[in-house]
1. Only one residue in Gly250, Gly302, Gly295, Gly284 is in contact (Cβ under 8 Å) with a residue 24 or more places away in the chain, open to solvent by 30 Å² or more (accessible area, probe 1.4 Å) and among the small types (Gly, Ala, Ser). Which one?
2. Is the stretch 198-214 home to any residue that is in contact (Cβ under 8 Å) with a residue 24 or more places away in the chain, assigned to a loop (DSSP other than H, G, I, E, B) and under 30 Å from Glu86 (Cα atoms)?
3. Would you check which residues across the stretch 459-516 are among the β-branched types (Val, Ile, Thr) and more than 32 Å from the chain's Cα centre (by Cα) and list them?
4. Looking at Lys265, Lys269, which is the one that is surrounded by 14 or more Cβ atoms within 10 Å (Cβ to Cβ), part of a loop (DSSP other than H, G, I, E, B) and modelled with pLDDT of 95 or more?
5. So which residues in the stretch 350-385 are under 34 Å from the mean Cα position of the chain (by Cα) and polar (S, T, N, Q)?
6. Here is a list: Pro414, Pro388, Pro432, Pro392. Which entry is in contact with a strand residue (DSSP E or B) (Cβ under 9 Å, 6 or more places away or on another chain) and not charged (D, E, K, R)?
7. How do the pairs read when you match residues in the stretch 362-382 that are more than 27 Å from Ala475 (Cβ to Cβ) with residues anywhere that are in a helix (DSSP H, G or I) and of a type in the set (Lys, Arg), using Cβ under 7 Å and keeping only pairs 6 or more apart or on different chains?
8. When only residues in the stretch 355-412 that are of a type in the set (Phe, Trp, Tyr) and assigned to a loop (DSSP other than H, G, I, E, B) count, which is surrounded by the fewest Cβ atoms within 10 Å (Cβ to Cβ)?
Amino acid sequence: MAKEVETKGKDNKVIKDLRSLHKDADEVIAAYPNFAKVARGVHGMKADLQTALTDVTASDLQKATKEDLLYRLHVKEEQLNKASMEAASVVAKVKPATGELVAGQTTKVVVTAYSGGSVELNKINMNLNVPEGWTAKPTGATSFEQLRYNQTVSTTYDVTIPKNAAEFKPYDVSILSANVTYEAFGTSTKLKVVPQTAVAILPAYSMSLSPSATVLNTLKSDEPVPVKVTVRNYTPDASKASISLNVPEGWSVEPAVEELSFASKGETKSVSFSVKASSKVAVGKYTVSAVAKNGDIVSTEGAQVIEYPHIGKTYLIQPAELKIQAFDLTIPKNLKVGYVSSGFDNIDQYLRQLGIDVVKLEAKDIQFGDLSQYDTIVLGIRAYAFRPELIPSNQRLLNYVENGGNLVVQYHKPEDKWTPNLAPFPIKIGEPLIKWRVTDENSKVTVLAPDSPMFNYPNKITAEDWDGWIQDRSAYNPAQWGKEYTELISNGDPGEKEFTGTFLTAPYGKGIYTYSSLVWYREIPNLVPGSIRLFVNMISQKQ
């Protein structure tokens, strides 16, 4: 630092201070690994650092130079506080009685300090910091004269959370912290500590709706939508709550309200409702939301717990809602689909919500089961890579098609063990992969075979069905394919060559084989009407 200070003689005191700090740092390093000597050196350096702060503040240095020096010295001060803690083997902690709190609650928080070193610590102070509007009252002493080897001191605070306390946000700093200060060798160290796990203000009653998103078929608007509400009690004790649903105007829900009783915090219970749309429901998006009431406590959200070893526990608070997309959809009667999941998509659960009989196929079903019972078999994205039974059983799948089945294969990468001869007529995936995808969700789609049953049965596909797609159109498009396939669409990013192998279908024996690179796994969970209508067409095909 000393070389960076320009003076005309009157601020030589600062130069001297900085050189002293440099010498102190060398001595601290030289003292390692003798922790007691390191601690003595650190606290000696802390004394010299306070002198430097005073002299820099009083100096006539240029404003920019002074600000830079003060900033650097304060950074060094924090480093020395940490070095003191390590050298003196001080462990300071903030321990709330629970990390899951609700507005209006009172809880206890304990601040502790432990000394595992030989350095005697004096004048220990422990203060709890809480957000504005909260109160924190110590139940005992917050100051202690000494802390010797293997001793622990602690202070318990009664903390009251206001009724309007802000809910947890995962990227905010911890709402609780403590300042622990102590003296050693005549100088003071200040430590700021936070709880080891997240402390969160959560909804008093956390709710989740199942399903969280679904389709309402306007051709069958009289069919009720079953809604299950799962409620978790986060209030400190036993409690009761009235659960109800808010539905769009003209809609109805039964029952109007359900009462739940919770014996303790953390208990989870579920209630079921039946929602009916109005008789004149229009195509569009609708929302059904859940409400939990207990006196003046009203909860309308859910708290999703996220916990992994590398990030610990955190929470995502979101509105407790069911998103409904209403549009007309025709589904053939008695359609039975076998779905081979790779674990990367959940399209099968949305097909079930549509009323389609969908069976998740296990390895034994593919290897030995009667495949002829399924009108259609769908392979999830990249299934050949993650379902090891598929490649040895691929001929069974092709025989299924040859005998009259409808096989739908979603996109694969070459490294997914995909080879052109897995299809009945060769399909080669384009490389490098980045060049063989369409990322503009609004890019123009041209239907190349408008008379194909794919665009006419059981739903008439129009230009509007390509609207509202999200994030991508297609990924990992084929570069070459057999002449037996019908190219169903062409599509590309603006200014780039269009792909014509995105959506391929061909008769094979008595059945139909379809390969599609359209990103169904993004569109269908987001209830994009056109994607659902077209997917239903795809799984409904017959020769």
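1. Gly250
2. Checking the stretch 198-214: at least one residue is in contact (Cβ under 8 Å) with a residue 24 or more places away in the chain, assigned to a loop (DSSP other than H, G, I, E, B) and under 30 Å from Glu86 (Cα atoms).
3. Ile461, Thr462, Thr486, Ile489, Thr500, Thr505, Ile512, Thr514
4. Lys265
5. Hits for the stretch 350-385 are Gln353, Thr376.
6. Pro414
7. Listed pairs, sorted by first residue: Leu371/Arg396.
8. Filtering the stretch 355-412 for residues that are of a type in the set (Phe, Trp, Tyr) and assigned to a loop (DSSP other than H, G, I, E, B), the one surrounded by the fewest Cβ atoms within 10 Å (Cβ to Cβ) comes out as Tyr374.
The values are calculated or read from the model by the stated rules, or taken from the named source; none is laboratory data. Since the model is a prediction, treat every value here as computed from it, not as a measurement. Virtual Cβ from ideal backbone geometry, glycine too; neighbours counted across all protein chains shown. Note: areas computed on protein heavy atoms with side chains; ligands, DNA, RNA excluded. Shrake-Rupley method; radii C 1.70, N 1.55, O 1.52, S 1.80 Å.
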